[in-house]
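The values are calculated or read from the model by the stated rules, or taken from the named source; none is laboratory data. Model, not experiment: these values are computed from the prediction. Cβ placement follows ideal geometry from the backbone for every residue including glycine, while neighbour counts extend to all protein chains displayed. In case anyone asks, the SASA skips ligands and DNA or RNA and just uses the protein heavy atoms, side chains included. Shrake-Rupley method; radii C 1.70, N 1.55, O 1.52, S 1.80 Å.
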Amino acid sequence: MMKQIHKTLVLAGSFAALLSLGGCATTALVDGGRGAVLPDKATVQNELQGRAFTLGRVYLDITKPTDKSSHVLPDDAYVKLLRSQLETAFRNAGLSQGKQPAYTVDVAINEFRFIEGYSAFLSSAGTLKTLVTVTNPQAAVVASQGLYVGDAFGPGTGTTSERNMAHRFNIPAMAEAVTKLVTAYKQASKPSIRPASIYLLKHSSYGMTVLTKEQTKRITGINLDDYR
């Protein structure tokens, strides 16, 4: 366990160091595993800094399956929700503005677990993990990094007693985290991303808020009463 924690911190710290900014690495960056590509300083400065970015694919690529009881809505509903939130955050961040041609940002959902209630242990709280990949117009991968967000601790700070709305914090929080990461590429700065969903939403820079039932119904086109 300690070996894995060390590996994660080293990888996250490497990204910050490559940007030559030092300081404490963000704890929301995780080991991207098979798809991890950390851009070096030259790549950040010559390709990513000031670049325009566009949202590409948002899709499932599950690397750690979880029990269906931990996410009661259809899988594609969560994909639609995340895409909608990413589109809003990207637009509010002005990521489409910058040097052309725009680079494409694909977001793969690797793990998601949205559960009711709350826990004092992160391992049994709601989580969402993605792999964020940036490609150039020639489809070459320029950067690829894992991100993690999780429900905070305590009642009313993360999950809900309604399982069909247990995604309400982590989905918009992930959109915030992804946008912060891409904005850091664009600004050639160190990404400052906290893993706690409630913190990301409370201090959102891109207008991200807790998802409501009305938003969920409108975006997914499903009747939430059918999924409890």
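Worth a mention:
- Selection of region 27-46 for residues being basic (Lys, Arg) and modelled with pLDDT under 65 yields only 34.
- Qualifying positions in region 213-228 - among the polar types (S, T, N, Q) and under 13 Å from residue 78 (Cα atoms): 215, 216, 220
- Taken over region 59-109, the criterion of being open to solvent by 30 Å² or more (accessible area, probe 1.4 Å), within 24 Å of residue 227 (Cα to Cα) and β-branched (Val, Ile, Thr) is satisfied by 62, 66.
- Pairs where the first residue, in region 76-89, is more than 13 Å from residue 57 (Cβ to Cβ) and the second is of a type in the set (D, E, K, R), C-beta under 7 Å, 6+ apart: 89/176
- Within region 209-223, the set of residues being assigned to a helix (DSSP H, G or I) and among the hydrophobic types (A, V, I, L, M, F, W, C) comprises 219 only.
- Count - residues of region 188-208 that are in a loop (DSSP other than H, G, I, E, B), at pLDDT 90 or above and in contact with a helix residue (DSSP H, G or I) (Cβ under 6 Å, 6 or more places away or on another chain): 5
- For region 167-187, filtering for residues that are out of contact with any Lys or Arg (no Cβ under 8 Å at 6 or more places or on another chain), open to solvent by 10 Å² or more (accessible area, probe 1.4 Å) and at pLDDT 95 or above leaves 3.
- A Cβ distance below 7 Å, combined with a sequence gap of six or more or placement on separate chains, defines the contacts here; from region 197-226, residues that are more than 15 Å from residue 166 (Cβ to Cβ) reach residues that are open to solvent by 90 Å² or more (accessible area, probe 1.4 Å) in the pairs 200/194; 219/80.
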